[in-house]
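The values are calculated or read from the model by the stated rules, or taken from the named source; none is laboratory data. Please read these numbers as outputs of a predicted model, since none were measured by experiment. Neighbour counts run over all protein chains shown; Cβ positions are idealised from the backbone, glycine included. The accessibility values were calculated without ligands, DNA or RNA, using every heavy atom of the protein model including side chains. Shrake-Rupley method; radii C 1.70, N 1.55, O 1.52, S 1.80 Å.
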There are 2 protein chains.
Amino acid sequence: MAKRNLYLDIKSVDEAAELYLSALKKTLDIQYETIPVVESLERVTRKATYAKYCSPLFNASAMDGIAVISSRTDEANETNPVILKEEEDYLVVDTGDPIHPPYDAVIMAEDITEVEEGVKIFASAAPWQHVRPIGEDIVAGEMILPSNHKIRPIDVGVLLSAGIIDIEVVKKPEVAIFPTGTEIIEPTETPADGSIIESNSRMFENMVTRAGGIAHRFPPIIDDYEQIRNHVAEAVGRYDMVIINAGSSAGTEDYTVHVLRELGEVLVHGVAIKPGKPVILAMVKGKPVVGLPGYPVSAYIGFENFVDPVLAEMCQTPVRKNPVVQAHVSKRLVSSLKHKEYVRVKVGKVGDKMVAAPLARGAGAAMSLVRADGFCVIEQNSEGVEAGEAVQVQLYREPEEVENTVVVIGSHDLILDVMADMMPESHKGMFVSSTHVGSMGGLMALKRGEAHLAPIHLLDETSGEYNIAYIKKLFGEGKISLIKGVGRTQGILVKKGNPLGIKGIEDLKDCRYVNRQRGAGTRVLFDYKLKQLGIEPSSINGYDREATTHMAVAAAVGSDGADAGMGILSAAKAMDLDFVPIGPEEYDFAIPEQYLNLPHIQAFLEILKSDEFHRRLDELGGYTYEKAGEIVAI
Amino acid sequence: MAKRNLYLDIKSVDEAAELYLSALKKTLDIQYETIPVVESLERVTRKATYAKYCSPLFNASAMDGIAVISSRTDEANETNPVILKEEEDYLVVDTGDPIHPPYDAVIMAEDITEVEEGVKIFASAAPWQHVRPIGEDIVAGEMILPSNHKIRPIDVGVLLSAGIIDIEVVKKPEVAIFPTGTEIIEPTETPADGSIIESNSRMFENMVTRAGGIAHRFPPIIDDYEQIRNHVAEAVGRYDMVIINAGSSAGTEDYTVHVLRELGEVLVHGVAIKPGKPVILAMVKGKPVVGLPGYPVSAYIGFENFVDPVLAEMCQTPVRKNPVVQAHVSKRLVSSLKHKEYVRVKVGKVGDKMVAAPLARGAGAAMSLVRADGFCVIEQNSEGVEAGEAVQVQLYREPEEVENTVVVIGSHDLILDVMADMMPESHKGMFVSSTHVGSMGGLMALKRGEAHLAPIHLLDETSGEYNIAYIKKLFGEGKISLIKGVGRTQGILVKKGNPLGIKGIEDLKDCRYVNRQRGAGTRVLFDYKLKQLGIEPSSINGYDREATTHMAVAAAVGSDGADAGMGILSAAKAMDLDFVPIGPEEYDFAIPEQYLNLPHIQAFLEILKSDEFHRRLDELGGYTYEKAGEIVAI
């Protein structure tokens, strides 16, 4: 087997970041450029800027009326009005008109009476009354903006008012991005066997833009030492920073670290962070060069921790920060003392409690990052957190959005995505967030006060009744209601054309099966059917192979990783599989009574009953919805 | 006098906004466009997006090692290792390599021993161990993004991974911006008498950009009914929204409202908001046309209240919101029941108390908007708030920045701007915020616990001593310390060349004087000098004319609005005036003892002592700084 890289000296996140930033600061030569003020939004000023002109540029009338010489009005009062002559004693002025000597005051239009000779006034005018003095707003020579200031729209206005046309700002750092790997293809290409669609570099491109830089993304480089070296060597001469993607783990084809050792200095190789360990932080000819891991979540976390601070330094802006809230984790999270771990979570407020429900922890689970509301960070010195423990969560959403989110934990169905999609459209500012832990897991979450709703489809073996029996068993009566959801058909997902001719559960013994996880309603149903038919679970090849969603089962079957798996019709349709129906079942929502009147729960009920929702169910296929939204007290 | 517009029916802010938005929604036809995913950052999705491909695209090795057929490893254990042959029993795989039938499991490189015939294994492999299943991350057919979702960098990555190359998003609304007014000039032109530099449209341009639209700013249109009408009539055909600036107050040259009545429907003319009352909200051929006032602060507030919501509706994004904090106002704010008022404030944390110090309230004071940390909003049903009362403040800064800000309230000097400029540069994340209310006002603010520092220069008439006597009088001993600031020279600011030949206070009787406000140290000094010389204040022409800063005095003199005023040398230099010195004085900082050890106060002291600060004082001119940063206990 080929030579492998070793992480000789894994550093903690803080240590690595500090080491790298201080090395950067030694050589960093911040670049500036002079640009038109009108194009300077969100750019950062180099120096304090001083007004060239006053604003207003002259003494100006603050009212519509007449400009007068105040001393000629001294005698006027109610009983002894004074008559003023136009051009001699007064001038008609509008708001903003200049007032020049000898005029030194303004009388409002409302306070004068027009007469033949001119106007009559009934009160004297104090010197400078209703005159907006020159420089009232800005005085020439005054500091308008400090150095290191991020320009806002109002600043643009004031700079121009003060006669400043151009302004010196920090130049946007230009970042070269090199995806590497022989197996990667562009998204526009048709994937072959073993192809990986290159998408990280496009994510980086947009992260660079968001951080205030300019991204230059290059086409993928194959795993070839010379090619990688030549590209990097050229790029450090032309750009302010270089990012190399993948090629940073300890696989056989990973040349990045060797290239960077040859060209410059590798300060950090391997960081105690999960996901994201195989980060390389190097300096080449005074330019920062960062090697980021190939797994998308590792790549994202590596960028936020090590590239964002570099770009912030170059842009002279503070590092972008997410709002932080305290939340209680809905399940135990074991973590190693070896690393700081970023666990993606869904966050919601249930009762008075902010709850964080962990999502998939794998480095490859990019979707979990899309679905996440934030990260729960487990520090390196911690072995993890217990269920219910309070943790800090870095939020990706606005805290107030979290307050108006229906927290759904339980069994998975595609309709939850549809409802999450419909909610903010039909009920502005409200959201649905779902985490999938199976029906039993959902009821447990209700018990711990971590969810508003638990979607369940649990068949009671003795009564043949759905859901109600389980709720009674777990909660007794009078506490939990059942919101009727949809009827759906469970069945066996098989490849298109059903090549093995599977007609029912009894035909599963001779095929490669993929099962659902313990606690899933579909697993309960499967076990019930096996028992009915007198089939031993151990006789099913793949009984122990667990997938956690209907879609994961569909994917396994669709890819020939399995021959059959149990699931719902909509999942079969989504993956273009054939479907052998086993029977109908009821997919409902268990809800503690006290949540029924919450406005976002009411909104949830409205959606369940809406024509639009029913239309979308018909599109998905295999659903009935006669009772959707009805409430059954238990 | 010409015909004037009348605000026939002034509406409350909420009423006006609601009326306008519901009219808009009736005709609004949201536009969509399909764009490449790689360019879709921060765009808003039209529809829910479903994955085209699975990710990973195939069953993949999750480890570096060998892919095996699990059934052939069943016999292996520590005492009975099994030998596997390459190409027959196993294939060497790296992380990410595809696993195809008959291979169905991976053994890690660490767990095998290379032998001549192949490899030796010491444990059986469970089916699918270390195999990352197809679709583990994304399953084809699964919803990736909901509708109405603002695309983030991670979304770009996931969309591409799932085979989505193009995406349908909300089209950016295109907004035409027309500055109007015969007196306005472009910032690049040289101002003539009565010229107003047009800058609002540039501010709007950037506000449109910030809200997600595309701005089309047109050159100024003169005050001519036909011209304005023709431009607006053409623009509503080509753009999604039109903004007309100025021409919306009740001045003589204000055609906007008449034009809009002719072309379409004026829904609102005049809103009970201050500043910002003369807003016009109209619909012309189904397009929103908004007339915004000419004063920059009115224009800004009008935009935030009435244009931002329209753009948010068109972009299908939530309206931009500022973080809100509760703070105590440092002085009484009287407001009218007639309007909702936006008072600009500086915000800081003093002790445990969040304090909001009101800035200039004039609609023309754009600089106060630049200097503000936020707005304190006084609702229409309120007559104002008492000093010390808690109010809601909409912040323009991060709440944590406010926590690390030195709050300075008191006498004005240009060095405060310099210190505010230097602070964040030398001490990252720390800020200096100053409000100018005169020396006495500053000491009062300390007394009420609303400032960390009060810059003062108060001459005790009996002892001739600066500052200490006043502090003792007001606070007694042992509570307040004095941080020595700078020595500076007070004098009389006169026009270049001193045309009236003013040599001292005694020459001021025959000229137009501009005074400082009551409580200002410079006023105290002036009164002291008048008394010494036996001059009656009433004999000074302009004694009652008050300017609130040195720079405002300089501007009045520089513009021939006054012949003389008392102030400091640096102000004279900034405005290129002559300066008749009266005498040196001490400008120091009073500080309650308990604040001395705060980190940001320590930073403030460091700056006072720094060479860089002294260099900048030399640049300003007229300062001494031997004792700067020394602490005098009182």
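Structure notes:
- Folded to 0 to 90 degrees: helix A:611-620 orientation relative to chain A principal axis, Cα: 50
- Helix B:13-27 vs. chain B, principal-axis angle (Cα, 0 to 90°, nearest 10): 40
- Rounded to the nearest Hz, the phi-derived 3J(HN,Hα) couplings of the range A:562-572 under the Karplus curve 6.51 cos²θ - 1.76 cosθ + 1.60 (θ = phi - 60°) are 8, 9, 7, x, 8, x, 9, 4, 4, 5, 4, where x marks glycine and proline.
- Relative to one another, the C-alpha centroids of the range A:556-634 and the range B:484-529 are positioned 82 Å apart.
- Taking the square roots of 5 times each eigenvalue of the Cα gyration tensor of the range A:170-258, largest first, gives ellipsoid semi-axes of 23, 17, 10 Å.
- DSSP beta bridges in the range B:306-369 [antiparallel fraction, %, rounded to 5]: 75
- Computed over the Cα atoms of the protein assembly as shown, the ratio of the radius of gyration to the Kirkwood radius (Rg/Rh) comes to 1.04.
- For the range B:92-108, 3J(HN,Hα) per residue [Karplus equation, 6.51 cos²θ - 1.76 cosθ + 1.60, θ = phi - 60°, Hz, x = Gly/Pro]: 6, 10, 9, 3, x, 5, x, 10, 10, x, x, 5, 8, 6, 10, 10, 5
- Convex hull (Cα only) mean projected area of chain A, reported in nm² to one decimal: 41.7
- Point-to-point label distance, B:E465-A:K496, nm (Cα→Cβ direction, 7 Å offset): 9.7
- Just so you know, the averaged projected area of the alpha carbon convex hull for the range A:322-402 sits at 5.0 nm².
- Pairs from the list A:K609/B:K47; A:K26/A:K47; A:K285/B:K172; A:K503/A:K609 with a Cα-Cα gap above 31 Å: A:K285/B:K172; A:K503/A:K609.
- Other-chain or far-sequence residues with amide H under 5 Å of B:D223's (modelled H): B:G181, B:T182
- Each copy carries A:P36; placing its label point 7 Å along the C-beta direction from Cα gives inter-copy distances of 2.7 nm, listed from smallest up.
- Counting only DSSP beta bridges with both residues in chain B, the antiparallel share comes to about 70 percent.
- Length-normalised contact order for the range A:481-634 - Cα pairs under 8 Å, 6+ apart - percent: 43
- DSSP bridge pairs, the protein assembly as shown: antiparallel proportion in percent, nearest 5: 70
- B:N597/B:E400 FRET efficiency (R0 25 Å; Cβ-Cβ; nearest 0.05): 0.80
- B:M241 long-range amide H proximity, modeled H, under 5 Å: B:E174, B:A176
- A simple spin-label model places pseudo-atoms 7 Å from Cα toward Cβ; at A:E477 and B:A390 they are separated by 4.7 nm.
- The charge dipole of the range A:1-115, taken about the Cα centre with unit charges on the Cβ atoms of Lys, Arg (+1) and Asp, Glu (-1), comes to about 1880 debye, rounded to the nearest 20.
- Here the 3J(HN,Hα) profile of the range A:366-378, calculated from phi with Karplus coefficients 6.51, -1.76 and 1.60 at θ = phi - 60°, is 5, 4, 5, 6, 5, 6, 5, 8, x, 10, 9, 9, 9 Hz, Gly and Pro shown as x.
- Considering only A:L620, A:F589, A:A571, the residue lying farthest towards the positive end of the dipole of the range A:548-634 is A:F589, judged by Cα position with unit charges set on Cβ.
- Take B:R518, push a point 7 Å out from Cα through the beta-carbon direction, and compare it with the same point in every other copy: 8.2 nm, smallest first.
- Based on Cα contacts under 8 Å between residues 6+ apart, chain B shows a relative contact order of 11 percent.
- Pairwise FRET efficiency - B:Y528 versus A:L91, Cβ, R0 = 45 Å, nearest 0.05: 0.65
- Between A and B, buried accessible area from a 1.4 angstrom probe totals roughly 8200 Å², ignoring ligands, DNA and RNA.
- With 10 Å bins beginning at zero, the pair-distance distribution over Cα atoms of the range A:454-633 amounts to 10, 35, 33, 18, 5, 0 %.
- Positive minus negative residues near B:V393 (Lys, Arg vs Asp, Glu; Cβ under 11 Å): +2
- From the alpha carbon centroid of the range B:70-132 to that of the range A:448-469 is 42 Å.
- Amide H within-cut-off set for B:V432, under 5 Å, with H built and near neighbours excluded: B:V406
- Scanning chain B for the Cβ atom closest to the axis that brings B onto A yields residue and whole-Å distance B:P323, 5.
- Ascending list, in nanometres, of distances separating the A:E234 label from those of the other copies (7 Å, Cα toward Cβ): 4.8
- Across all Cα pairs in the range A:1-127, the calculated P(r) in 10 Å bins from zero up to the longest distance comes to 10, 24, 12, 10, 10, 9, 8, 8, 5, 3, 1, 0 percent per bin.
- The C-alpha atoms of chain B define a longest principal axis, and helix B:414-426 lies at about 20 degrees to it.
- Only the Cβ atoms of Lys and Arg (+1) and of Asp and Glu (-1) were treated as charged; on that basis the dipole of the range B:302-354 about its Cα centre amounts to roughly 400 debye.
- Heavy-atom accessible surface of the range B:130-227: percent carbon and sulfur, 1.4 Å: 51
- At a probe radius of 1.4 angstrom, the accessible area of chain B per residue rounds to 39 square angstrom.
- Taken about its Cα centre, the range B:469-562 carries a charge dipole of about 380 debye when Lys and Arg each add +1 at the Cβ and Asp and Glu each add -1 at the Cβ.
- Across the options B:S161, A:P179, A:G348, the greatest Cα extent toward the positive end of the charge dipole of the protein assembly as shown (unit charges at beta carbon of Lys, Arg, Asp, Glu) belongs to A:G348.
- 1.4 Å probe, heavy atoms, protein only - residues of the range B:123-137 losing at least 30 Å² accessible area vs chain alone: B:W128, B:R132, B:I134, B:D137
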